[in-house]
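A short worksheet on the structure shown next.
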Amino acid sequence: MYRFLLTRQWLILALLTLVLIPTMVELGFWQLHRHEHRVAQNALISHNLKAKPVPVATLTSPGHTIPRSDYWRAVTATGTYDTQHEVVVRRRTSTDGSIGFHVLIPLDLKGGGTVLINRGWVPAADDQRAFPDVPAVPKGEVTVTGRLKADETTGTSGIKDLSDLPDRQVMLINSAQQAKALSRPVLGGYVEQTGPEPSGDVPELIEAPDDSSIGPHMAYAVQWWLFASGVPVGYVVLARREKRDRVEAAAKAEASGEPEPEPEKSEPATA
């Protein structure tokens, strides 16, 4: 009674089942790996934010690529602001989702060298190509605390580095680009300022990264694995239902004296 499994329709269904099971299992492991990556990243964020701040020059240097182990590391930088070369970074959002700019300014370090400081977010002017209203920085020597971040690139951020931008506006926070504009070496990466807090809350300091949420990836992984286990069960249920329908059809045909339907012309039962 199960010879119908050798018909074209049922062979296609069996092949589809064999393809779906490993695909769903692999998708489950993909979500599991995303979950593990998120957990590891949360642990790194939490550790680096709680670590004792160190001078930024001890973690980076001109041309240095910030390793992931140093992302969000608490750092300090002491020096004087280079107000002549302050720029703004386009298309950045505030904590409430408003579009504006990040304010980027070089800080000439007391012991030598220059590091980029992301002062935070300011709203855009009515004219998007106009330089926004940015509060002045303190004069003289200052000490800034913040989170060490890696240089932005189009590949890592997904932000297209547009040309023909208005004066003193950029798309990416990139030390190599700013070093070229300044005509002097700049420490790799940049500092996302956390202190001192600006008077009037402008610029708006950037929120700390979330180190508590793990997302739904583990739930998605379990769902994919449940789907994978359900596929063969569904195939068996459909096959048994098809067998039952054929037995009932054969019994009715025998009772009425009608010829039994051709098995090879039947199609798989639907759930």
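I'd like to check something: does the range 169-189 contain any residue that is over 18 Å from residue 114 (Cα atoms), at pLDDT below 95 and surrounded by 14 or more Cβ atoms within 10 Å (Cβ to Cβ)?
no
Residue 68 - would you say it is out of contact with any Ser or Thr (no Cβ under 7 Å at 6 or more places or on another chain), under 30 Å from residue 185 (Cβ atoms) and surrounded by fewer than 13 Cβ atoms within 10 Å (Cβ to Cβ)?
yes
Mind listing just one residue for me: the one in the range 138-158 that is surrounded by fewer than 17 Cβ atoms within 10 Å (Cβ to Cβ) and not hydroxyl-bearing (Ser, Thr, Tyr) and, of those, nearest to residue 52 (Cα to Cα)?
142
Whether any residue in the range 192-213 is under 27 Å from residue 40 (Cα atoms) and part of a helix (DSSP H, G or I) is what I want to check.
So far as the range 192-213 goes, no, none of its residues is under 27 Å from residue 40 (Cα atoms) and part of a helix (DSSP H, G or I).
Among the residues of the range 92-120, write down those that are over 20 Å from residue 77 (Cα atoms) and touching a residue at least 24 places away in the same chain (Cβ under 8 Å).
The answer is 92, 93, 94, 95, 98, 99, 100, 101.
Restrict the check to the range 171-194 and report whether at least one residue is farther than 19 Å from residue 152 by Cβ and in contact with a strand residue (DSSP E or B) (Cβ under 6 Å, 6 or more places away or on another chain).
no
Look through the range 8-47, keep the residues that are surrounded by 17 or more Cβ atoms within 10 Å (Cβ to Cβ) and more than 25 Å from residue 216 (Cβ to Cβ), and return whichever of them is farthest from the chain's Cα centre (by Cα).
10
Cβ-Cβ below 7 Å, separation at least six or inter-chain, first residue in the range 1-18 and touching a residue at least 40 places away in the same chain (Cβ under 8 Å), second open to solvent by 90 Å² or more (accessible area, probe 1.4 Å) and outside any helix (DSSP H, G or I): which pairs?
9/267
Tell me which residues, restricted to the range 48-63, are open to solvent by less than 60 Å² (accessible area, probe 1.4 Å) and either part of a loop (DSSP other than H, G, I, E, B) or touching a Leu at 6+ places or on another chain (Cβ under 6 Å) (or both).
Passing the criteria: 51, 59, 60, 61.
Starting from the range 125-139, take each residue that is in contact (Cβ under 8 Å) with a residue 24 or more places away in the chain and list its partners that are in a loop (DSSP other than H, G, I, E, B) and among the aliphatic types (A, V, I, L, M), counting only C-beta distances under 8 angstrom and pairs at least six apart or across chains.
So the pair list comes out as 131/125; 132/124; 132/125; 135/202.
Tally time: how many residues in the range 78-122 are touching a Phe, Trp or Tyr at 6+ places or on another chain (Cβ under 6 Å) and outside any strand (DSSP E or B)?
Counting residues in the range 78-122 that are touching a Phe, Trp or Tyr at 6+ places or on another chain (Cβ under 6 Å) and outside any strand (DSSP E or B) gives 1.
With the requirement that a residue be farther than 23 Å from residue 153 by Cα and either open to solvent by less than 50 Å² (accessible area, probe 1.4 Å) or among the aliphatic types (A, V, I, L, M) (or both), what does the range 71-107 give you?
If the condition is that a residue be farther than 23 Å from residue 153 by Cα and either open to solvent by less than 50 Å² (accessible area, probe 1.4 Å) or among the aliphatic types (A, V, I, L, M) (or both), then 76, 77, 78, 79, 81, 82 are the ones that fit.
Do we have any residue at all in the range 119-137 that's surrounded by 14 or more Cβ atoms within 10 Å (Cβ to Cβ), touching a Leu at 6+ places or on another chain (Cβ under 6 Å) and modelled with pLDDT of 95 or more?
Within the range 119-137, one or more residues are surrounded by 14 or more Cβ atoms within 10 Å (Cβ to Cβ), touching a Leu at 6+ places or on another chain (Cβ under 6 Å) and modelled with pLDDT of 95 or more.
The values are calculated or read from the model by the stated rules, or taken from the named source; none is laboratory data. Predicted model only: the values in this text are computed from it and were never measured. Please note: Cβ atoms are built from the backbone with ideal geometry, for glycine as well, and neighbour counts cover all protein chains shown. Side chains included, ligands, DNA and RNA excluded: accessible areas come from the protein's heavy atoms. Shrake-Rupley method; radii C 1.70, N 1.55, O 1.52, S 1.80 Å.
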